[in-house]
Amino acid sequence: MKVLLTGAGGFLGRYVQANLTERGIETVAIGRSTPDPAQAVDLLNPADIERGVARAGATHLLHLAWDVSPGEYWHSTVNLRWVESTLRLVEAFCKHGGRKVVIAGSCAEYAGTDSLSQEDATPLVPATLYGVAKDATRRLVAATCLHYGAAWAWGRIYLPYGAGEHPQRLIPSLIGALTGARPPFGVNGNACRDFIHAADVASALVSLTQDQAQGAYNICSGEAVQIAAVVRQLAGLLGADPAAILDRATARPGEPAVVAGEDRKLRDLGWAPAFSLVAGLQKTLGDTGIKVST
C-alpha cells in the first residue's frame, strides 16, 4: 500500500502523517505545504493535481485538505472551490489506477439532533454552506468511485482537539482563559458535544484504508459531554477556577443541543480510541508545555 496524503501540513494532517509513519506505510504528501518541497502542489490548480497524482503512483488516497479558517469557513464560498478540487483529485487518482479513496468529512453534514447521530439513520440536512459542500462532495465522490471501480470511505469527523489546534477553537480558547492568557468568555454550558483527540482521529482515518471499510463512518468518541463539564475538567487540570467561564455561560438559541455520534461502525473495523476526554486533555496540555495540576 502506498498512500497519497493531502493536508499533511494541517492540524489533523500532522497526526495522520505520524500515524502512517508509525505503521510503516509508504506515504507521499502533496499540497502547498509539505515536508518535501518537491511535492508542492496547489490543489486548487487542475494542472498541479494531475501532475501530483501521476508522480505519486499511490494505491490509496487519504484526502484531508480543505479551507477551515475559524470564523469564516462555515459560510464561505471557498467551499465550492474545494468541492471542485476534491472531485478533480479523486478522478485523477482513479484514472491513474488508484484503488481506495478515503476522505475527511464532517459532522456538519447531519441535521441538528437531540441524540447521537447514526450514519445510516440520521438525516443529512446540513445547516451551513460548509456542511452542504461536504455532503455534496461525498455523494459525487461515491458516484465517481463507482464509475471507475474504486473503493471509498468517508469519515465524518466530530470535534477534534490536541496540540497544534488553531488558538481560536474552543479547547485552546478555554485553556487560554483558564491560564490567564486571554480574557474569560461565556460558553453554552448545557450544550453536549463529542470531543475526540486528534491522534484518535488520525488512527480512525488510517483504519478506513482497510479493504472492508466502505461508505460513511462517524469519527467520534461516541460520548456527548456537556461543555460545562469540559470547562470543569480543564480547570481541575490547570488548578483554575471554572467560575471565570461558567458564570458567563449563556444559552445560544439556534445551536443544536447535541452534536455527537455513534461510533459502532468504526469499532466494527477494530478501531478504538486511545484517549478518554480527561487523558486527551492531559496529553494536550503536556504536549503544549503546560503543567498539569496534581
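I need to check one value: relative contact order of the chain, counting alpha carbon pairs closer than 8 Å and at least 6 residues apart, in percent. Show your work: numbers first, answer last.
Numbers: 581 pairs, mean separation 53.5, N = 294.
This gives 18 percent for the chain.
Expressed as a rounded percentage, what relative contact order does the range 43-98 have, with Cα pairs under 8 Å and six or more residues apart?
Dividing the mean separation by the residue count of the range 43-98 yields 58 percent.
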Picking from G57, A47, L80, whose Cα lies most toward the positive end of the charge dipole for the range 1-110 (charges on Cβ: Lys, Arg +1; Asp, Glu -1)? G57
Kindly put R14, R138 in sequence by how many other C-beta atoms sit within 10 Å of each C-beta, fewest to most. R14, R138
For the range 106-131 and the range 238-294, write down the distance between their C-alpha centroids in whole Å. 20 Å
Expressed in nanometres to one decimal, the distance between label points 7 Å along Cα→Cβ at A127 and R81 is 2.8 nm
Choice from P126, P253, P46 with maximal GNM fluctuation in the chain (Cα, 10 Å cutoff): P253
Sorted by Cβ density within 10 Å, fewest first, the residues R248, R193: R248, R193
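For Cα pairs less than 8 Å apart in space and 6+ apart in sequence, what is the mean separation divided by the residue count of the range 222-294, i.e. the relative contact order in percent? It would help to have the intermediate numbers written out before the result.
Values: 35 pairs, mean separation 33.2, N = 73.
45 percent.
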Between I157 and residues 5 or more places away or on another chain, which pairs have amide H atoms under 5 Å apart, with H built 1.01 Å from N, and which residues are they? G105, S106, C107, I219
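How much of the DSSP beta bridge set in the chain is antiparallel, as a percent to the nearest 5?
Numbers: 3 of 35 bridges.
About 10 percent, rounded to the nearest 5.
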Read through the labelled values [x] 126; [y] 160; [z] 275 and report the label of the one computed as volume of the Cα convex hull per residue in Å³ from the structure. [x]
Fewest to most neighbouring Cβ within 10 Å: what's the order for I219, I25, I245? I25, I245, I219
For the chain, modelled as a GNM with alpha-carbon contacts under 10 angstrom, which of G71, G31, G112 fluctuates the most? G71
Which of A249, P183, A198 sits closest to the plus end of the dipole of the range 142-294, meaning its Cα is farthest towards the positive end, when Lys and Arg get +1 and Asp and Glu get -1 on the C-beta? P183
Positive-end extreme of charge dipole, the chain - chosen from I30, A216, W154 (charges on Cβ): I30
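Read-outs: derived from the displayed coordinates by stated rules, not from any lab. Computed from a prediction, not measured in an experiment: that's the story for all the values here. Cβ atoms come from the backbone with ideal geometry, glycine included; neighbour counts cover every protein chain shown.
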